[in-house]
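**Q** Below you will find the structure I want to go over with you.
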Amino acid sequence: MTDSQVEAQVENNAEGVQKLTDTKAIIAYLVEKFPLCFIAEGEAKPLKIGLFQDLAEALKDDERVSKTQLRQALRQYTSNWRYLHGCREGAERVDLYGNPAGVLDAEHVSHATQQLADAKAKFAEKRKAELAAKKAQQKRPARKPNSNQAPRKPKEIGRASCRERVYVLV
(Lines give C-alpha, C1' and ligand atoms only; values in the text may rest on other atoms or scores of the structure.)
Protein backbone atom coordinates (compact mmCIF):
# COMPACT_ATOMS: atom_id res chain seq x y z
CA MET A 1 0.00 0.00 0.00
CA THR A 2 1.46 3.39 -0.95
CA ASP A 3 1.73 6.40 1.32
CA SER A 4 -1.03 8.22 -0.58
CA GLN A 5 -3.36 5.25 -0.12
CA VAL A 6 -2.50 5.16 3.58
CA GLU A 7 -3.24 8.87 3.89
CA ALA A 8 -6.52 8.39 2.03
CA GLN A 9 -7.48 5.52 4.33
CA VAL A 10 -6.83 7.54 7.50
CA GLU A 11 -8.87 10.71 7.01
CA ASN A 12 -8.67 13.74 9.25
CA ASN A 13 -11.88 14.31 11.15
CA ALA A 14 -13.62 17.66 11.03
CA GLU A 15 -14.07 19.80 14.13
CA GLY A 16 -17.02 18.76 16.26
CA VAL A 17 -16.65 15.04 15.63
CA GLN A 18 -17.83 13.11 18.65
CA LYS A 19 -15.14 11.19 20.53
CA LEU A 20 -15.54 7.45 20.83
CA THR A 21 -15.55 6.35 24.47
CA ASP A 22 -16.66 2.70 24.46
CA THR A 23 -13.91 0.19 23.65
CA LYS A 24 -16.32 -1.84 21.52
CA ALA A 25 -17.07 1.28 19.45
CA ILE A 26 -13.34 1.94 19.09
CA ILE A 27 -12.73 -1.63 17.93
CA ALA A 28 -15.59 -1.26 15.42
CA TYR A 29 -13.94 1.97 14.22
CA LEU A 30 -10.60 0.16 13.82
CA VAL A 31 -12.32 -2.64 11.88
CA GLU A 32 -13.80 0.00 9.58
CA LYS A 33 -10.51 1.91 9.16
CA PHE A 34 -8.18 -1.09 8.87
CA PRO A 35 -10.23 -4.05 7.58
CA LEU A 36 -7.14 -6.04 6.54
CA CYS A 37 -5.81 -5.97 10.10
CA PHE A 38 -8.81 -5.96 12.45
CA ILE A 39 -11.63 -8.44 11.94
CA ALA A 40 -15.11 -8.13 13.49
CA GLU A 41 -16.26 -11.73 12.94
CA GLY A 42 -14.48 -15.02 12.58
CA GLU A 43 -10.95 -15.88 13.60
CA ALA A 44 -8.79 -12.81 14.15
CA LYS A 45 -5.28 -12.58 12.71
CA PRO A 46 -2.28 -12.20 15.02
CA LEU A 47 -1.09 -8.59 15.05
CA LYS A 48 2.39 -7.27 14.37
CA ILE A 49 4.56 -6.66 17.43
CA GLY A 50 4.66 -2.90 17.94
CA LEU A 51 1.36 -2.34 16.14
CA PHE A 52 0.30 0.19 18.76
CA GLN A 53 3.00 2.64 17.64
CA ASP A 54 1.92 2.25 14.00
CA LEU A 55 -1.70 2.70 14.99
CA ALA A 56 -0.97 5.77 17.12
CA GLU A 57 1.00 7.29 14.23
CA ALA A 58 -1.72 6.51 11.67
CA LEU A 59 -4.44 8.01 13.88
CA LYS A 60 -2.45 10.91 15.40
CA ASP A 61 -4.69 13.54 13.75
CA ASP A 62 -7.90 11.62 14.43
CA GLU A 63 -9.86 13.33 17.20
CA ARG A 64 -12.19 10.40 17.79
CA VAL A 65 -9.73 8.31 19.80
CA SER A 66 -6.86 8.96 22.18
CA LYS A 67 -3.74 6.85 22.68
CA THR A 68 -5.08 5.62 26.02
CA GLN A 69 -8.31 4.50 24.37
CA LEU A 70 -6.38 2.80 21.56
CA ARG A 71 -4.27 0.93 24.11
CA GLN A 72 -7.39 -0.23 25.98
CA ALA A 73 -9.11 -1.28 22.75
CA LEU A 74 -6.02 -3.23 21.63
CA ARG A 75 -5.84 -4.95 25.01
CA GLN A 76 -9.50 -5.98 24.74
CA TYR A 77 -9.09 -7.09 21.11
CA THR A 78 -6.01 -9.21 21.85
CA SER A 79 -7.61 -10.74 24.96
CA ASN A 80 -10.64 -11.87 23.00
CA TRP A 81 -11.10 -15.62 22.54
CA ARG A 82 -11.25 -15.18 18.75
CA TYR A 83 -7.83 -13.54 18.73
CA LEU A 84 -6.25 -16.03 21.15
CA HIS A 85 -7.66 -18.93 19.12
CA GLY A 86 -6.00 -17.51 15.99
CA CYS A 87 -2.57 -17.47 17.63
CA ARG A 88 -1.34 -20.86 16.42
CA GLU A 89 2.05 -22.27 15.56
CA GLY A 90 3.12 -20.96 12.17
CA ALA A 91 0.45 -18.23 12.00
CA GLU A 92 1.51 -15.07 10.19
CA ARG A 93 1.33 -11.70 11.95
CA VAL A 94 -0.13 -8.76 10.01
CA ASP A 95 0.46 -5.02 10.07
CA LEU A 96 -2.24 -2.33 9.79
CA TYR A 97 -2.64 -2.91 6.08
CA GLY A 98 -2.66 -6.71 6.06
CA ASN A 99 0.98 -7.11 5.03
CA PRO A 100 2.88 -10.05 6.57
CA ALA A 101 4.93 -9.00 9.60
CA GLY A 102 6.59 -12.19 10.79
CA VAL A 103 5.58 -15.58 12.12
CA LEU A 104 4.40 -16.22 15.68
CA ASP A 105 7.09 -17.58 18.01
CA ALA A 106 6.44 -20.77 19.98
CA GLU A 107 6.64 -18.69 23.18
CA HIS A 108 3.83 -16.40 22.01
CA VAL A 109 1.73 -19.37 20.89
CA SER A 110 2.06 -21.07 24.29
CA HIS A 111 1.23 -17.78 26.06
CA ALA A 112 -1.92 -17.34 23.94
CA THR A 113 -2.93 -20.97 24.55
CA GLN A 114 -2.49 -20.53 28.31
CA GLN A 115 -4.45 -17.24 28.30
CA LEU A 116 -7.28 -18.90 26.38
CA ALA A 117 -7.39 -21.87 28.77
CA ASP A 118 -7.39 -19.52 31.79
CA ALA A 119 -10.16 -17.38 30.31
CA LYS A 120 -12.30 -20.43 29.53
CA ALA A 121 -11.79 -21.86 33.03
CA LYS A 122 -12.70 -18.52 34.61
CA PHE A 123 -15.81 -18.30 32.44
CA ALA A 124 -16.86 -21.87 33.30
CA GLU A 125 -16.40 -21.15 37.02
CA LYS A 126 -18.44 -17.95 36.76
CA ARG A 127 -21.18 -19.73 34.81
CA LYS A 128 -21.30 -22.54 37.35
CA ALA A 129 -21.65 -20.02 40.21
CA GLU A 130 -24.43 -18.19 38.34
CA LEU A 131 -26.35 -21.43 37.75
CA ALA A 132 -25.95 -22.45 41.40
CA ALA A 133 -27.21 -19.04 42.54
CA LYS A 134 -30.17 -19.26 40.16
CA LYS A 135 -30.99 -22.77 41.34
CA ALA A 136 -30.80 -21.72 45.00
CA GLN A 137 -33.06 -18.76 44.29
CA GLN A 138 -35.66 -21.02 42.66
CA LYS A 139 -35.79 -23.46 45.57
CA ARG A 140 -38.61 -22.90 48.03
CA PRO A 141 -38.12 -23.37 51.73
CA ALA A 142 -39.90 -26.43 53.19
CA ARG A 143 -43.30 -25.73 54.72
CA LYS A 144 -43.37 -25.81 58.47
CA PRO A 145 -46.38 -27.45 60.13
CA ASN A 146 -48.47 -25.02 62.13
CA SER A 147 -48.46 -26.31 65.71
CA ASN A 148 -51.33 -23.97 66.74
CA GLN A 149 -53.91 -25.79 64.65
CA ALA A 150 -55.71 -28.95 65.71
CA PRO A 151 -55.02 -32.06 63.64
CA ARG A 152 -57.19 -32.36 60.56
CA LYS A 153 -60.21 -34.60 60.68
CA PRO A 154 -61.56 -36.52 57.75
CA LYS A 155 -64.62 -34.97 56.15
CA GLU A 156 -67.26 -36.90 54.24
CA ILE A 157 -67.95 -35.73 50.73
CA GLY A 158 -70.32 -36.70 47.99
CA ARG A 159 -73.42 -38.89 48.14
CA ALA A 160 -71.80 -42.20 48.84
CA SER A 161 -73.77 -44.97 50.44
CA CYS A 162 -73.00 -45.99 54.00
CA ARG A 163 -70.64 -48.65 52.75
CA GLU A 164 -68.71 -46.41 50.34
CA ARG A 165 -67.82 -43.35 52.31
CA VAL A 166 -65.09 -41.17 50.89
CA TYR A 167 -62.98 -39.09 53.18
CA VAL A 168 -60.73 -36.22 52.32
CA LEU A 169 -58.33 -34.40 54.60
CA VAL A 170 -58.92 -30.66 54.63
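The values are calculated or read from the model by the stated rules, or taken from the named source; none is laboratory data. Remember, it's a predicted structure, so these values are computed and weren't measured experimentally. As a convention, Cβ positions derive from the backbone with ideal geometry for all residues, glycine included, and neighbour counts pool all protein chains shown. These area figures cover heavy atoms from the full protein model, side chains too; ligands, DNA and RNA do not enter into them. Shrake-Rupley method; radii C 1.70, N 1.55, O 1.52, S 1.80 Å.
**Q** Can you list the chymotrypsin sites (Phe, Trp or Tyr not before Pro) in the range 47-148 that are in a DSSP coil and have 13 or fewer other beta carbons within 10 angstrom?
**A** When the chymotrypsin sites (Phe, Trp or Tyr not before Pro) of the range 47-148 are filtered for loop state and at most 13 Cβ neighbours within 10 Å, nothing remains.
**Q** Can you compute the FRET efficiency between Lys120 and Lys24 using 1/(1 + (r/R0)^6), with r the Cβ-Cβ distance and R0 = 22 Å? Round to the nearest 0.05.
**A** So the FRET efficiency works out to roughly 0.55.
**Q** Keeping every protein chain present and rolling a 1.4 Å probe, give me the accessible area per residue for the range 18-128 in Å².
**A** For the range 18-128, the per-residue accessible area is 60 Å².
**Q** Between Asp105 and Arg71, 0.36 nm times their residue separation minus their Cα-Cα distance comes to what? Let's see the in-between values first.
**A** Numbers: separation 34, 0.36 × 34 = 12.24 nm, distance 2.26 nm.
Extra length from Asp105 to Arg71 when fully extended: 10.0 nm.
**Q** Label the range 21-132 by shape, choosing from rounded, prolate and oblate, from the square roots a ≥ b ≥ c of the eigenvalues of the Cα gyration tensor; if a/c is under 1.5 it is rounded, and otherwise prolate applies when a/b is larger than b/c, oblate when it is not.
**A** Oblate shape, in that a/c is at least 1.5 and b/c is the bigger or equal ratio.
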